[in-house]
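This report refers to the structure that appears directly beneath it.
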Amino acid sequence: MPNPNKSNPLLKSSAFEHGAIPFTEIHDEHFLPAIEAVMAQARDQLKAIRENSQAADFSNTIEALELCSERLDSVSNIYSNLLHAHTNDKLQALAKEIMPKLAAFSNDISLEPALFEKVRQVYEKRASLGLSTEQVRLLEKTYKFFVRNGARLDDAGKSRLRAIDERLALLGQQFGDNVLKATNQFELVLSAPEELAGLPPSVLESAAAEAKERKKEGRWVFTLQQPSYVAFLKFSERRELREKLWKAYMSRATAGETDNRAIAKEIAGLRHERARLLGYMTHAHFTLEERMASEPARVHEFLERLHQPSRKAAERDVQDLREFSGIAELQPWDVSFYSERLKKQRFGLDEEALRPYFRLENVVEGVFEHARRLYGLTFHRRTDLPVYHPDVELYEVRDEEAGEFIGLFYADFFPRDSKRSGAWMTIFREQGLFEGKVGRPLVSIVCNLTKPTPSKPSLLSLDEVRTVFHEFGHSLHALLSKCRYRSLAGTNVYWDFVELPSQIMENWAKEKEGLDLFARHYQNDEKISAELVTKIQASARFQAGWFSLRQLSFGRLDLAWHAADPSGIEDIEDFERQAMESCMLFPHVPGSIISCGFAHIFAGGYSAGYYSYKWAEVLDADAFELFREKGLFNKEVSQRFKENILSKGGTEHPMELYKRFRGREPDPDALLRRDGMC
């Protein structure tokens with residue numbers, strides 16, 4: 001009988017240049033047999049490591065463990081990326097089989113006594129092995145992987161840990177699926193002209209295009225996808241419709257078949273049980289052991305340090321809105337609407353008037369030009385290599401001076417029903433050892449930006465421009481990696497350090513010198529005026545307190561879930577209200593629950609780590625002060641950032657890397673200075 005796996009494209013080395021993923025050959029039915037096949041191969045390699053009669057050393061144990069699952073990593077990366085960026089019912093159904101299998105495989109490694117014993121033997125003689133800095137880091141990471149995943153537990157403990165991990169893998173996927181379904185299920189269909197008051201032509205055109213796509217021609221459709229949702233709240237003069245949309249967004253995944261309330265409680269409970277099983281007080285204590293912050297008390301201290309100046313500034317921001325709007329009982333769905341008008345009055349800045357200067361194609365050229373000037377990279381469009389959706393663009397990245405291949409860069413910009421909301425950078429293949437040689441990465445950014453319409457190209461808001469720069473910063477971290485081992489390469493760093501390369505890139509999109517590289521009117525190619533740039537800069541601190549307090553509230557909610565025993569949580573809405581009370585400036589709106597849509601902490605990697613966005617803001621504000629002092633495209637500074645931050649991955653402790661770049665530890669007041677709060 002012929003072996004069907006022989007024709008499975010996921011089980012063969014790519015025939016395309018640079019190992020590009022053969023998306024056009026891959027079908028849904030290929031994933032499960034491919035996962036099972038490469039998992040079996042990995043198990044064979046694990047057996048060989050375990051049964052090796054030679055004394056355990058770095059090569060035959062630590063490096064061998066690093067390499068044993070490279071094919072499994074490759075296939076699972078492709079699957080999980082498509083599951084998030086271009087999913088369907090079949091892929092989502094497969095998750096119920098694939099995710100537990102992956103969790104079980106990870107446990108089969110970490111809970112295997114013979115493997116841990118070999119790792120322990122190498123770890124205990126590490127000082128005498130003459131290892132490089134990166135090898136020491138890999139050895140330490142491998143040892144901690146076993147310890148933090150139950151290698152020291154007895155058989156009963158290991159059995160329970162395995163069950164918890166498999167259940168968590170399933171629940172995380174289910175949580176994310178529910179958020180996506182709930183987001184897609186809602187639509188606000190408008191047909192009367194008076195319902196459209198205040199909405200700019202560009203927004204109306206996008207809504208009409210959405211209606212046509214949904215076979216509701218002659219009407220306008222607004223959704224909970226970010227470009228649609230944000231624009232409607234910002235511009236619609238119909239307060240009751242803003243309220244309807246806001247409440248729909250804030251109650252996503254709280255009822256019916258997509259209800260995430262029980263799932264969130266179960267995830268938090270299992271994480272707590274897992275941490276206790278491993279000897280930690282809470283899930284936050286477990287998580288933060290491998291973060292720059294190191295422990296929950298330090299995170300609380302950090303959030304508290306920012307809380308008072310943020311709240312004081314935020315209270316002024318809200319009072320300004322009350323006075324400007326004349327509405328004593330201002331509500332959350334009024335904030336974006338009146339903020340846009342107050343900003344326009346105060347700074348003469350109409351953000352819709354900026355859109356013509358931010359044609360997507362020009363913005364993309366702009367981030368590429370920033371990468372060239374800062375780090376010597378060039379991006380060349382490749383239309384001869386396969387992509388997973390017609391919207392996706394693929395670029396070959398090279399070092400301009402050396403002419404060397406750096407990596408492949410996939411860009412997926414527009415929302416669709418098959419894509420989760422938000423924006424993220426992801427990896428199809430990490431930089432590092434793969435198939436016997438140190439290879440270059442395959443990197444992707446996925447966004448949900450304003451789509452083109454029949455009469456206009458994709459014209460981005462200023463926030464969307466910053467999103468592109470942000471995700472591109474993550475991409476540079478992955479593309480410029482120069483590591484030997486994939487598990488240490490690129491963005492495989494502490495979670496409260498990973499946002500530094502992304503957030504620092506946003507700064508260039510606020511500067512005249514940076515904007516001049518791409519901000520040109522799409523109709524006449526006229527550069528953005530100095531006057532407009534001055535207005536952008538003057539408004540950069542607008543409502544900085546409001547936005548800071550909002551981020552702090554999410555950080556507090558995250559810690560409330562994960563830095564204590566969650567077993568007493570009964571009513572999530574009430575629990576959430578109490579957790580965020582110190583950051584709330586409006587009365588709670590019954591039915592609004594953030595947790596049920598908080599995919600970052602329940603379906604992503606940010607549990608007990610959402611504070612890291614503010615932590616990284618401190619790092620990026622402090623780091624960018626050096627660029628402002630020396631020059632935005634200063635070669636010496638950019639080279640130091642490239643060599644000490646972007647190329648090192650997780651091969652050294654991030655604080656050591658930062659000090660090597662900056663010459664000292666970061667100054668926390670840099671963020672308050674930038675935001676005008678000190």
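What to note about this one:
- Both radii are taken from the alpha-carbon atoms of region 466-621; with Rh as the Kirkwood radius, Rg/Rh is 1.06.
- A protection proxy built from the mean count of other Cβ atoms within 10 Å ranks the segments 403-414, 372-383, most packed first, as 403-414, 372-383.
- Mean Cα-pair separation over length for the chain, i.e. relative contact order, pairs under 8 Å, 6 or more apart, %: 16
- Base-10 log of normalised Debye intensity for region 480-544 (one unit scatterer per alpha-carbon) at q = 0.18, 0.27, 0.28 Å⁻¹: -0.78, -1.15, -1.19
- Members of Lys419/Lys527; Lys419/Lys456; Lys47/Lys141; Lys90/Lys215; Lys419/Lys659 lying beyond 29 Å, as alpha-carbon distances in this model show: Lys419/Lys527; Lys419/Lys659
- Extreme residue, positive dipole direction of region 186-251, given options Tyr249, Leu199, Ser228 (C-beta unit charges): Tyr249
- Calculated on the Cα set of region 186-251, radius of gyration then Dmax: 10.6, 29 Å.
- Range of Cα positions in region 287-396 per principal axis (Å), largest first: 59, 46, 30
- Whole-number percent relative contact order across region 1-43, with pairs defined as alpha carbons under 8 Å at least 6 apart: 39
- Over region 547-645, the fraction of Cα-Cα pairs per 5 Å bin, rounded to whole percents and listed from the shortest bin up, is 2, 11, 18, 18, 13, 9, 8, 8, 6, 5, 1, 0.
- Inter-probe distance in nm under a simple model that places probes 7 Å from Cα toward Cβ, at Arg298 and Lys247: 4.5
- Region 11-143: translational diffusion in µm²/s, Stokes-Einstein, Kirkwood Rh over Cα pairs, 25 °C, 0.890 mPa s: 148
- The HN-Hα couplings worked out from phi for region 544-557 by the Karplus form 6.51 cos²θ - 1.76 cosθ + 1.60 (θ = phi - 60°) are 4, x, 4, 5, 5, 5, 4, 5, 5, 5, 5, x, 5, 4 Hz, whole numbers, x standing for Gly and Pro.
- About the Cα centre, charge dipole magnitude for region 8-113 (Lys/Arg +1, Asp/Glu -1 at Cβ), debye: 180
- Highest average packing first - 635-646, 313-324, Cβ atoms within 10 Å: 635-646, 313-324
- HN-Hα J in Hz across region 612-617 - Karplus 6.51, -1.76, 1.60, θ = phi - 60°, x for Gly and Pro: 5, 4, 6, 4, 5, 4
- Per residue, the chain reaches -16500 deg cm²/dmol at 222 nm when only DSSP H runs of four or more residues are counted, each adding -39500 (n - 2.57).
- The charge dipole of the chain, taken about the Cα centre with unit charges on the Cβ atoms of Lys, Arg (+1) and Asp, Glu (-1), comes to about 460 debye, rounded to the nearest 20.
- Translational diffusion of region 426-540, µm² s⁻¹ [Kirkwood Rh, Cα pairs; Stokes-Einstein; 10 °C; 1.306 mPa s]: 98
- Between the amide H of Gly407 and those of Val397, distances stay under 5 Å, these residues lying 5 or more places away or on another chain, with hydrogens modeled in the peptide plane.
- Calculated FRET efficiency for the pair Lys6/His380, C-beta based, R₀ 56 Å, to 0.05: 0.95
- Between 0 and 90 degrees, the angle of helix 155-185 with respect to the longest Cα principal axis of the chain falls at about 30 degrees.
- In the chain, a dipole from Cβ-located charges (positive for Lys and Arg, negative for Asp and Glu) runs towards its positive end, and of Leu408, Ile98, Ser325 it is Leu408 whose Cα lies farthest in that direction.
- Cα lying deepest toward the dipole's positive end in the chain, options Phe379, Ile572, Leu139, charges on Cβ: Leu139
- For Lys482, the aspartates and glutamates whose Cα falls under 12 Å of its own Cα, not counting residues fewer than eight places away in the same chain, are Glu134, Glu430, Glu643.
- Here the Debye sum runs over all C-alpha atoms of the chain as equal scatterers in vacuum, and log10 of I(q)/I(0) at q = 0.06, 0.10 Å⁻¹ comes out as -0.34, -1.02.
- Cβ crowding within 10 Å averaged over residues, with 188-200, 269-281 ranked highest first: 269-281, 188-200
- DSSP beta bridge pairing in the chain, given as percent antiparallel to the nearest 5: 80
- Where only C-alpha atoms are counted, convex hull volume of region 101-257 per residue in Å³: 187
- Given +1 at the Cβ of Lys and Arg, -1 at the Cβ of Asp and Glu and no other charges, the dipole of region 344-438 around its Cα centre is 320 debye to the nearest 20.
All of the numbers you see were taken from the coordinates with simple rules; none came from a lab. Predicted, not measured: the structure shown is a model, and the values here were computed from it. Neighbour counts run over all protein chains shown; Cβ positions are idealised from the backbone, glycine included.
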